[in-house]
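Colleague: Before I ask anything, here is the structure I am working with.
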Amino acid sequence: MDNRINEIRRIIRALRLSMREAEAIMHEQIKRDEDCTFVAEEIMKMRVVMSGLAQERVQLGDNEPILVQCFYIPRRPAPAPRAHVAKRRLLAPGSPIRSFARP
């Protein structure tokens, strides 16, 4: 039974990757204003197969998520927080307080 679960998980991983590739191809065809019905039909067939495999996997008692490597480049990480710098007020050239300011 564990072998069947591992086999289903392996097939689902492969299907997810091929679906992503097909979706990328379909998006490129849409950008070029080309007919993408063949690729869309193939994606629908893959989804039907995936649905059946997912149901079988749940029936076998496997509920863990299946991780897949992504082929998109993740966003840049957020910049590191900077130390807080106190803001200083600017003074007008003829201001009386200016005489107390450092040269």
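The values are calculated or read from the model by the stated rules, or taken from the named source; none is laboratory data. Keep in mind the model is a prediction, meaning the values are calculated, not measured. Because the Cβ atoms are built from the backbone with ideal geometry, glycine has one as well, and the counts that use them run over all protein chains shown. These area figures cover heavy atoms from the full protein model, side chains too; ligands, DNA and RNA do not enter into them. Shrake-Rupley method; radii C 1.70, N 1.55, O 1.52, S 1.80 Å.
Colleague: Stretched out fully, how many nm does the piece from ARG9 to THR37 gain, at 0.36 nm a residue minus the Cα gap?
Modeller: 7.3 nm
Colleague: Averaged per residue, what accessible surface does the range 1-48 expose to a 1.4 Å probe, in Å²?
Modeller: With all protein chains present, the range 1-48 gives 75 Å² per residue.
Colleague: Counting other Cβ atoms within 10 Å of each Cβ, which GluC sites (Glu not before Pro) in the range 1-41 have at most 13 and sit in a DSSP loop?
Modeller: Taking the range 1-41 and a limit of 13 other Cβ atoms within 10 Å, the loop GluC sites (Glu not before Pro) found are GLU34.
Colleague: Continuing with the same structure: Pull out a ≥ b ≥ c, the square roots of the eigenvalues of the alpha-carbon gyration tensor of the range 1-68, then state rounded if a/c is under 1.5, prolate if not and a/b is larger than b/c, and oblate in the remaining case.
Modeller: Taking the square roots of the gyration eigenvalues as a ≥ b ≥ c, the range 1-68 is prolate.
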